Protein chains: 2
Amino acid sequence: MKLYVVGLGPGDLSQATGRALDILENCQVIAGYTVYIELIRERFGSKELISTPMKQEVKRCRLAIEETLKGKSVAMVCSGDAGVYGMAGLIYEIAQEYDPIEIEVVPGITAACSGAAILGAPLIHDFAVISLSDLLTPWEQIEKRLDYAAMADFVICLYNPSSKKRHEYLKKACDRILAHKDGSTVCGIAQNIGRDGERGRILSLKELRDTQVDMFSTVYIGNSTTRKIAGKMVTSRGYRIGGDNG
Amino acid sequence: MKLYVVGLGPGDLSQATGRALDILENCQVIAGYTVYIELIRERFGSKELISTPMKQEVKRCRLAIEETLKGKSVAMVCSGDAGVYGMAGLIYEIAQEYDPIEIEVVPGITAACSGAAILGAPLIHDFAVISLSDLLTPWEQIEKRLDYAAMADFVICLYNPSSKKRHEYLKKACDRILAHKDGSTVCGIAQNIGRDGERGRILSLKELRDTQVDMFSTVYIGNSTTRKIAGKMVTSRGYRIGGDNG
């Protein structure tokens with residue numbers, strides 16, 4: 001009777017860990033967002049599968065917890081890492097309302113890391129991860145974080161940089177950052193990570209400001225040592241070294 | 001003739017992705033820090049193995065690049081993710097000095113994510129990753145980042161929180177953060193991730209300040225919505241929700 005919250009990494013199952021796949025192999029029920037359940041159906045179709053669509057995350061958590069309370073071993077799957085803007089937090093919060101169950105989070109590769117690998121090595125030094133979605137966070141809070149992250153010269157990784165209703169948000173975010181970082185700052189966009197159409201693009205912060213990205217993109221804004229090397233986005237390991245090289 | 005820079009995740013190979021293991025299976029040469037080469041020797045001992053000790057990272061990169069230029073397929077292995085304080089950046093920087101080779105970074109699970117999974121769900125919302133090592137970064141730069149990250153109410157994840165020569169650094173870092181975050185802020189320490197003695201501990205920021213951690217620890221400082229739930233460290237998905245719940 002245990003609930004695993006399992007990150008599958010980006011794209012297909014070759015990007016999941018052996019431990020994550022072992023847990024799916026050995027559990028009785030797999031719950032998840034419809035798209036991820038389809039992803040695992042071929043290999044794990046013999047399990048009891050529970051899926052709910054987007055925006056029914058709370059219901060999905062309740063179903064998974066209730067199956068666990070019936071004495072089954074249950075895996076709730078997420079793309080990327082379940083602990084980064086993922087379902088792990090919600091599971092703990094909602095589980096408080098029920099009899100105690102054992103919960104284990106099984107990490108996966110989050111988009112910050114898988115997108116970075118496509119672009120080169122942007123996250124080699126201190127970085128901040130910020131979501132531009134204002135669904136659960138006031139935009140003023142997001143702006144404040146962008147300001148401080150830029151002032152601190154963090155490499156900045158943006159999740160949810162755009163959606164149908166929010167196509168101006170990346171431009172607004174770049175304008176905040178441009179108040180503190182140079183327009184020539186090396187930036188990158190990782191698209192469709194681990195899927196068909198996977199693509200990395202390197203551009204300046206000034207160019208990024210005027211670029212439309214889709215919701216399958218992760219965006220990176222370099223620090224003052226980030227350079228374009230052989231077509232890749234590469235951040236220096238340190239400031240003394242950066243100074244020596246640059 | 002290709003050089004892969006491969007993250008193995010934390011601890012044993014069950015935390016590596018299928019893709020990472022496929023690459024090790026199919027390459028001719030595996031290079032890495034002595035400790036990681038020992039980790040893979042049992043399974044991949046039939047390969048040509050190249051190891052160099054700590055602080056010989058540059059030499060290790062040169063050896064890997066030179067083997068690649070001989071026409072071999074080479075995998076440089078790192079623990080965690082090769083792109084987060086890892087070897088991927090150095091490989092790109094040093095490869096500039098040689099004839100062009102193809103380089104691919106293969107992501108792994110970084111300590112921020114694997115440690116978070118042990119503690120619960122601390123990184124559910126925006127976060128900053130900061131290394132306390134001042135080997136390549138001036139301490140003033142690190143302090144500035146701690147200040148801004150605390151002011152922005154990021155969850156903060158600290159790499160390299162301590163070493164033999166730097167046992168006071170975590171205390172100094174906590175003092176910077178205490179200027180902006182409450183002493184009751186929920187914090188966590190993940191130790192020996194994926195290894196014998198793996199352990200998570202939840203404590204307040206005030207307690208963390210007076211705690212000695214070793215170099216095999218990753219430290220987490222919550223944001224204003226982070227709570228202790230059923231013995232775990234859990235950050236809320238958002239501020240409106242946090243406000244409703246809290």
Sort shortest first the distances from B:E143 to its counterpart in every other copy, using label points 7 Å along the Cα-to-beta-carbon line, and give them in nm.
-> 3.1
How large, in percent, is the carbon and sulfur part of the accessible surface of the stretch B:130-246 at a probe radius of 1.4 Å?
-> 46 percent
Accessible surface of A:R43 in the full protein assembly, 1.4 angstrom probe, to the nearest 10 Å²?
-> 130 Å²
If you count the DSSP beta bridges with both ends in the protein assembly as shown, what percent of them are antiparallel, to the nearest 5?
-> 45 percent
For the stretch B:48-62, 3J(HN,Hα) per residue [Karplus equation, 6.51 cos²θ - 1.76 cosθ + 1.60, θ = phi - 60°, Hz, x = Gly/Pro] = 6, 10, 10, 10, 10, x, 3, 6, 10, 5, 5, 4, 4, 5, 4
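Could you please put A:M87, B:M54 in sequence from largest to smallest accessible area, using a 1.4 Å probe? Intermediate results must be reported in sequence, preceding the final value.
Working: A:M87 20, B:M54 105 Å².
So, going from the largest accessible area down, we get B:M54, A:M87.
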Using protein chains only (no ligands, no nucleic acids) and a 1.4 Å probe, work out which residues of the stretch B:118-140 have their accessible area cut by at least 50 Å² relative to the chain alone.
-> B:I124, B:D126, B:F127, B:V129, B:L136
For chain B, with a Gaussian network of springs between Cα atoms less than 10 Å apart, report the residue from B:G115, B:G86, B:G197 with the top mean-square fluctuation.
-> B:G197
Label 7 Å beyond Cα on the Cβ vector: A:Y98 copy-to-copy distances, nm = 5.3
What does the charge dipole of chain B about its Cα centre add up to, to the nearest 20 debye, if the Cβ of each Lys and Arg holds +1 and the Cβ of each Asp and Glu holds -1?
-> 600 debye
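Suppose we keep just the DSSP beta bridges with both residues in chain B; what percent of those would be antiparallel, to 5? Spell out each step's value before the answer.
On the way: 18 of 45 bridges.
Of all bridge pairs located within chain B, approximately 40 percent are antiparallel.
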Return the calculated 222 nm mean residue ellipticity for chain B, to the nearest 500 deg cm²/dmol, obtained by summing -39500 (n - 2.57) across DSSP H runs with n ≥ 4 and dividing by the residue count.
-> -10000 deg cm²/dmol
Compute log10 of I(q)/I(0) for the stretch B:2-109 with the Debye formula, placing one identical point scatterer on every Cα and leaving out solvent, at q = 0.10 Å⁻¹, to two decimals.
-> -0.22
Phi to ³J(HN,Hα) by Karplus 6.51 cos²θ - 1.76 cosθ + 1.60 over the stretch B:17-23, Hz, x for Gly, Pro | 7, x, 5, 4, 5, 4, 5
For the stretch A:81-144 and the stretch A:9-73, what is the separation of their Cα centres, given in Å?
-> 18 Å
Interchain or sequence-distant (5+) residues whose placed amide H lies within less than 5 Å of the amide H of B:S131 are A:D126, B:Y159
Counting only heavy atoms of protein chains, what accessible area per residue, in Å², does chain B have with a probe of 1.4 Å?
-> 39 Å²
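Can you pull the mean other chain C-beta count within 10 Å for peptide B:78-86? Working shown, then result.
Values: counts 0, 0, 1, 8, 5, 14, 9, 7, 4.
Mean shielding count: 5.
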So which residue, out of B:T226, B:T235, B:T137, gets the largest mean-square fluctuation from a GNM of chain B using Cα contacts under 10 Å as springs?
-> B:T137
For the protein assembly as shown, the Debye formula with one identical point scatterer on each Cα and no solvent gives log10 I(q)/I(0) at q = 0.06, 0.11 Å⁻¹ as -0.24, -0.88
One would report the antiparallel percent of DSSP beta bridges in the stretch A:2-109, rounded to the nearest 5, as 5 percent
By a straight-distance test (C-alpha under 19 Å), which lysines pair with B:K228 as possible cross-link partners, with residues fewer than eight away in the same chain excluded?
-> B:K181, B:K206
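Rounded to the nearest 100 Å², what is the sum over both chains of accessible area buried where B meets A, with a probe of 1.4 Å?
Values: alone 12490 and 12510 Å², together 19410 Å².
Interface between B and A: roughly 5600 Å².
Inside 10 Å of the C-beta atoms of A:91-97, what's the mean count of C-beta atoms belonging to other chains?
Details: counts 3, 10, 9, 0, 3, 5, 0.
The shielding value for this peptide is 4.
Of all accessible surface on the stretch B:75-128 at a 1.4 Å probe, what whole percent is carbon and sulfur?
Working: 540 of 1140 Å².
In the stretch B:75-128, the share of accessible area belonging to carbon and sulfur is 47 percent.
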For B:H167 the rounded accessible area (nearest 10 Å², probe 1.4 Å, non-protein molecules ignored) is 100 Å²
From the label point of A:S46, set 7 Å from Cα along Cα→Cβ, how far away are the matching label points in the other copies, in nm, ordered shortest to longest?
-> 2.9
Non-local amide H neighbours of B:V5 (under 5 Å, H modeled in plane, Pro and chain starts lacking H): which ones?
-> B:M76, B:E104, B:V105, B:V106
For the stretch B:26-75, the percent of all C-alpha pairs falling in each 10 Å bin, from 0 up to the bin holding the max distance, is 28, 55, 17
Please compute P(r) over all alpha-carbon pairs of chain A, binned at 10 Å starting from zero, and give each bin as a whole-number percent.
-> 7, 29, 30, 21, 10, 2, 0
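The values are calculated or read from the model by the stated rules, or taken from the named source; none is laboratory data. Bear in mind the structure is a predicted one, so any value in this text is a computation, not a measurement. Counting neighbours? That spans all protein chains shown, and the Cβs are built from the backbone with ideal geometry, glycine included. The protein model used for the area step is the full one, side chains on, heavy atoms only, and it has no ligands, DNA or RNA in it. Shrake-Rupley method; radii C 1.70, N 1.55, O 1.52, S 1.80 Å.
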